[in-house]
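These notes concern the structure reproduced below.
The values are calculated or read from the model by the stated rules, or taken from the named source; none is laboratory data. Keep in mind it's a predicted model, so treat the numbers as computed, not measured. Quick reminder, even Gly has a Cβ in these numbers, built from the backbone with ideal geometry, and neighbours come from all protein chains shown. These accessible areas exclude ligands, DNA and RNA; they are computed on the full protein's heavy atoms, side chains included. Shrake-Rupley method; radii C 1.70, N 1.55, O 1.52, S 1.80 Å.
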Amino acid sequence: FMVCPEYFTVKVPLTPEGYLAVRTLRQEGVPINFTLGFSVRQNYLAARLANPDFVNVFLGRLNQVVMDHNAGTGELVGEKVTLATQRALQSARNDHKEVSSRLIAASIRNGEQVAFLAGLDVLTIPPKAMKEYQESGISSVVSHIDDAIEPGIDSQHSLAKRFPELWELSDDFKSFVDDLVSRSDLDSMQGSELADMARERSVNLFHPFNEGDLNKVQEHGKIPDLNAWPETVALDDLMTQSALQSFTKDQNALDERILSFLK
């Protein structure tokens with residue numbers, strides 16, 4: 001970053017250690033994209049605690065996890081989470097002058113999503129989706145940020161009750177965040193202490209994944225098998241860990257390949 005700071009934004013994943021590291025980095029003026037977010041509450045906590053330049057919702061993966069489990073069509077699930085996150089960030093920016101974080105709608109899959117998500121802070125759009133949008137014939141777009149979105153989830157499915165916490169921001173969670181950011185020892189807090197505080201407040205955001213758990217996560221890939229995990233493991237937490245472990249697996253493979261050329 002220090003080599004050419006005007007062209008770099010540092011990516012940090014949403015973990016207990018990541019939340020606190022971003023807080024320190026932002027105090028040092030380092031531009032941060034706080035990545036691998038999958039829920040309103042994850043990103044609200046990030047904005048209030050650390051104020052990164054950007055937070056994310058990987059919305060395409062949220063639609064996919066519904067479809068992969070035959071829990072509905074998956075339509076508008078990620079979009080609902082993304083739009084709810086935008087509302088929460090707008091509220092946080094209005095109510096807390098220290099918050100300026102902007103939202104990135106990530107993992108966009110098609111042109112319809114490009115049009116539907118108009119009005120968000122930032123969209124990262126792959127060329128294929130952009131081409132679909134350009135060729136769709138849509139001449140005007142409207143914001144759906146304040147709309148009531150009905151996601152494609154089968155309410156009778158056994159997994160249905162695991163999804164609403166992705167777009168809900170409860171008063172209890174906001175109270176937890178208020179208490180956290182008011183702590184006098186916040187800047188010396190460790191990741192384990194943040195996770196412990198969350199558990200003490202019944203905030204199931206940081207599951208204590210052991211080595212066996214992480215190996216299982218890696219085996220499943222970016223989209224986790226929800227049937228393999230109890231409801232005590234929150235979906236947003238599991239999605240983040242799945243994304244992180246998938247990246248770790250790919251990075252390890254790349255490192256090994258590079259090393260093979262150096263031997």
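Quick notes
- Qualifying lysines (Cα of each under 26 Å from Cα of Lys161; at least 8 residues distant if same chain): Lys80, Lys174, Lys216, Lys222
- Whole-Å distance, taken between Cα centres, linking region 23-42 and region 160-209: 15
- Report summary: the helix-based calculation at 222 nm, which adds -39500 (n - 2.57) for every DSSP H run with n ≥ 4 and divides by the residues of the chain, gives -15000 deg cm²/dmol.
- Karplus 3J(HN,Hα) series, Hz, for region 4-19 with 6.51 cos²θ - 1.76 cosθ + 1.60 (x for Gly, Pro): 8, x, 6, 10, 10, 10, 7, 8, 9, x, 6, 10, x, 5, x, 4
- Of all the options Val57, Val181, Val142, the one that moves most in a Gaussian network model of the chain with Cα springs shorter than 10 angstrom is Val142.
- Region 121-191, accessible surface, carbon-and-sulfur percent (1.4 angstrom probe): 46
- Using θ = phi - 60° in the Karplus curve 6.51 cos²θ - 1.76 cosθ + 1.60, the 3J(HN,Hα) couplings for region 193-210 round to 6, 5, 5, 5, 4, 4, 5, 4, 9, 6, 9, 8, 9, 10, 5, x, 5, 8 Hz; x is entered for Gly and Pro.
- Near the amide H of His96, within less than 5 Å, lie no amide hydrogens of residues on another chain or at least 5 residues away, with H placed in the peptide plane.
- Long-range amide H partners of Asp121 with built H, under 5 Å: Leu103
- For region 231-236, the Karplus equation 6.51 cos²θ - 1.76 cosθ + 1.60, evaluated at θ = phi - 60°, returns couplings of 5, 5, 8, 5, 4, 5 Hz by residue, with Gly and Pro reported as x.
- When the solvent-accessible area of region 11-106 is split by element, carbon and sulfur atoms take up 45 percent of it, the probe being 1.4 Å.
- In plain terms, the chain is cut at each of the GluC sites (Glu not before Pro) found in a DSSP loop with at most 15 other Cβ atoms within 10 Å, and the longest leftover piece is 29-97.
- Sequence-separation-based contact order of region 1-125, relative, with Cα cut under 8 Å and 6+ spacing, percent: 21
- Taking amide H atoms as placed 1.01 Å from N in the peptide plane, the amide H of Ile32 lies under 5 Å from those of Val10, Asp53, Phe54, each 5 or more residues away in sequence or on another chain.
- Remark: region 1-108 is approximated by an ellipsoid whose semi-axes, taken from the C-alpha gyration tensor as √(5λ), come to 27, 16, 11 Å, largest first.
- Largest to smallest principal axis extent of the C-alpha atoms in the chain, angstrom: 54, 52, 46
- Full-extension gain in nm, Ser188 to Val141, via 0.36 nm per residue minus C-alpha separation: 12.3 nm
- Using the 1.4 Å probe convention, the accessible area of the chain works out to 51 Å² per residue with neighbouring protein chains retained.
- Percent RCO, i.e. relative contact order, over the chain, from Cα pairs under 8 Å lying at least 6 residues apart: 19
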